[in-house]
């Protein structure tokens, strides 16, 4: 995929990451992954780890009991396809939402921001998702906040707010991904509130 930033990005010459923003970065990383691809068994096991399971519970994101895991994963895969991949529902790609096409101005700018931060977008992550997919943007923000701060601030100011409309649509459907969308919308609002360029 041209979507998910590498975790091995080279840090810029920035002040140390603000520890008070660490929870925001952790949430952005988790929700970015959930938005980018459907849940599989390996990811579900990770989500069951106590710290993550507790956070998910606070957001109203429910996980299945182990005995129902296989059927739950299959059902969530179908939900993901219907909510995130169908062209008529509007995949969560900034260029598509703001210009009505893929590979728009946002794609070009986000790819440049990743280069400035010394990051690479890998092709192996999520069904060829665009670099300006909301999940990719959350991962890029998480990886650059406190390390390449100018990049993180521009992502917050210019590349996140559009996603609120898409999250509202998905939230209205309820269920697992409705709760994920609600949490993602709250996260975007928190990032915007914390960014010096959007206050």
Exercise. Just checking, which of 134, 140 is touching a strand residue (DSSP E or B) at 6+ places or on another chain (Cβ under 7 Å) and surrounded by 23 or more Cβ atoms within 10 Å (Cβ to Cβ)?
Worked result: 140
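Quick grid of which residues meet (1) farther than 18 Å from residue 80 by Cβ; (2) at pLDDT 90 or above; (3) over 16 Å from the mean Cα position of the chain (by Cα):
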{"residue": "112", "(1), (2), (3)": "yes, yes, yes"}
{"residue": "144", "(1), (2), (3)": "yes, yes, no"}
{"residue": "148", "(1), (2), (3)": "yes, yes, yes"}
{"residue": "176", "(1), (2), (3)": "no, yes, no"}
{"residue": "186", "(1), (2), (3)": "yes, yes, no"}
{"residue": "193", "(1), (2), (3)": "yes, yes, yes"}
For this session: May I ask you to say which residue of 69, 43, 94 is over 19 Å from the mean Cα position of the chain (by Cα) and surrounded by 14 or more Cβ atoms within 10 Å (Cβ to Cβ)?
Result: 69
Problem set entry | Subset tally (residues that are closer than 19 Å to residue 57 by Cα and outside any helix (DSSP H, G or I)) for segment 173-199 | 2
Seminar exercise, completed: For segment 91-118 the number of residues that are touching a residue at least 60 places away in the same chain (Cβ under 8 Å), over 20 Å from residue 150 (Cα atoms) and out of contact with any helix residue (DSSP H, G or I) (no Cβ under 6 Å at 6 or more places or on another chain) is 2
Seminar exercise, completed: Apart from one, (1) part of a helix (DSSP H, G or I); (2) free of Cβ contacts under 8 Å to residues at least 40 places away in the same chain all hold for residue 170; the odd one out is (2)
Exercise. Where residues in segment 157-166 are assigned to a helix (DSSP H, G or I) and in contact (Cβ under 8 Å) with a residue 40 or more places away in the chain, which of them is nearest to the chain's Cα centre (by Cα)?
Worked result: 163
Exercise. Exactly one of (1) buried (at least 23 other Cβ atoms within 10 Å of the Cβ); (2) part of a helix (DSSP H, G or I) is unmet by residue 154. Its number?
Worked result: (1)
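Taking the condition in contact (Cβ under 8 Å) with a residue 12 or more places away in the chain, surrounded by fewer than 16 Cβ atoms within 10 Å (Cβ to Cβ) and over 23 Å from residue 188 (Cβ atoms), does residue 77 pass?
Details: in contact (Cβ under 8 Å) with a residue 12 or more places away in the chain: yes; surrounded by fewer than 16 Cβ atoms within 10 Å (Cβ to Cβ): yes; over 23 Å from residue 188 (Cβ atoms): yes.
Yes, satisfied.
The values are calculated or read from the model by the stated rules, or taken from the named source; none is laboratory data. Every value quoted in this text rests on a predicted model; they were computed, and no experiment measured them. All Cβ positions, even for glycine, are placed from backbone atoms using ideal geometry, and neighbour counts span all protein chains on display.
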